[in-house]
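Just so it is clear, none of the values below were taken in a lab; they were calculated from the coordinates. Small disclaimer: the values here were computed from a predicted structure and weren't measured.
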Amino acid sequence: MAGLVIKPRSRIFHGHDWVYASEIKKSFGNPQPGEVISLKDFKDKPLGSAIYNPRSQIVARRFSRRKQDLDREFFLRRLQLAFSLRQRLPLDVSLCRLAWSESDGLPGLIIDRYGPHLVMQTLTLAMDQRIELIIEALRELLSPDSIVIRNDSPMRKAEGLEPASFVAHGENPDPVSLEAGGLRFEANLLGGQKTGLYLDQLDSYERVASLAEGKRVLDCFSNQGGFGLACARAGAASVTCVDISSEAVSAVRNNARLNSLEVDAVEANAFDYLKSCEETFDLIILDPPSFTRSKKALGDAMRGYKEIHLRALKLLNHDGYLATFSCSHHVNRELFLSNLRDAAVDTRRTLRLVESYCQRADHPILPTIPETEYLKGFCFQLLPGR
Ligand code: SAH
């Protein structure tokens with residue numbers, strides 16, 4: 001088998017599974033793009049099997065510490081292991097992420113389940129080359145009505161892959177009716193943003209909404225309105241959802257109708273909305289897209305967070321709550337907290353932490369691969385009586 005010899009002190013010796021170009025000492029046996037290769041240390045000791053793509057910054061991703069092929073049995077076994085974990089988690093397995101890339105030993109493969117429909121992404125060359133094999137395994141394990149391929153993620157570009165979205169099995173399922181946390185949603189699996197709903201946030205809706213009764217709520221970067229709708233159902237006095245995408249705003253209105261809830265959906269840039277807003281609120285939710293995909297742009301991202309935090313704090317009523325999220329793994333908890341601390345100092349507010357949030361358990365974190373921990377959130381209250 002072809003492979004790579006890894007330089008000493010590379011991240012793989014600290015438990016990571018990725019190999020960057022700068023960590024390669026030499027290659028042997030002429031490895032081909034998309035192939036399974038073997039990794040060795042500088043003393044010729046085997047480190048395991050990896051997928052290879054010289055076009056990517058991450059040249060190799062280890063998926064096994066042993067010698068292993070990416071064949072039908074492999075996919076059946078790994079997918080089954082991924083599903084059996086979800087069945088033990090306290091979540092509805094009919095609406096969840098069934099397989100999540102490195103965290104399930106399937107680098108670059110993501111499978112989401114929406115009832116009888118599956119949505120699949122292949123974000124690495126090796127997984128992309130094996131789409132047929134994976135579809136076969138999924139059909140055998142789950143007999144889904146349909147499998148939608150949603151390969152429009154910008155991450156594919158880094159692997160030299162073109163965008164492509166299509167129905168690979170069954171009929172186009174759109175629009176799909178779903179129930180999550182007692183709320184009804186209509187999602188487009190082939191045409192909507194992301195792969196339908198933001199599954200990683202499903203647990204947070206109810207937790208944030210538990211603070212909403214009788215409150216005036218602003219849900220910024222609302223997408224289809226998961227937070228706002230949960231707050232409306234929990235008895236909020238009023239709910240305003242703001243999103244820049246007209247598609248998201250129509251989805252909020254449609255979902256509100258489906259649940260017989262009253263929500264004001266506004267199509268606007270949240271930065272502008274927060275700046276010019278003349279109302280005040282008792283609960284503000286901020287769940288922006290990742291402001292940075294690279295470490296280089298971290299400074300800009302932190303300025304973005306600071307701006308929305310400052311503006312939101314100024315719009316909060318006495319004793320109000322701010323629930324704020326970051327979905328960039330470059331912005332770790334400590335950094336995100338320090339951003340909030342600075343915003344509190346600048347606005348002369350005293351915040352107290354009421355709750356912390358993270359990605360739902362169907363997106364498991366590997367402590368040795370920090371990139372797998374990306375979603376973090378905090379809910380602060382303005383300290384009452386100050
Ligand atoms: N809270 C949502 C997920 C938000 S995803 C949920 O749980 O479903 C981020 C959303 O921010 C996307 O819907 C995107 O359309 C929107 N968005 C991106 N930039 C924006 C901006 N400048 N102003 C308002 N919305 C924005």
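For region 17-125, what class follows from the C-alpha gyration tensor (a ≥ b ≥ c being the square roots of its eigenvalues): rounded when a/c is under 1.5, otherwise prolate if a/b is larger than b/c, else oblate? Prolate.
Taking Cα atoms only, the orientation of helix 246-258 departs from the longest principal axis of the chain by about 70 degrees. To the nearest ten degrees, helix 298-315 and the longest principal axis of the Cα atoms of the chain are 20 degrees apart. Filter 25/45; 45/67; 314/376; 7/43; 7/296; 275/306 down to the pairs with a C-alpha to C-alpha distance above 19 Å, please. Where the Cα-Cα span goes over 19 Å, the pairs concerned are 314/376; 7/296. The alpha carbon gyration tensor of region 187-275 gives principal lengths a ≥ b ≥ c with a/c of 1.5 or higher and a/b no greater than b/c, which makes the shape oblate.
Classify region 3-64 as rounded, prolate or oblate, taking a ≥ b ≥ c as the square roots of the eigenvalues of its Cα gyration tensor: rounded when a/c is under 1.5, otherwise prolate if a/b is larger than b/c and oblate if not. Rounded. Cα centroid separation, region 106-184 to region 249-286: 30 Å.
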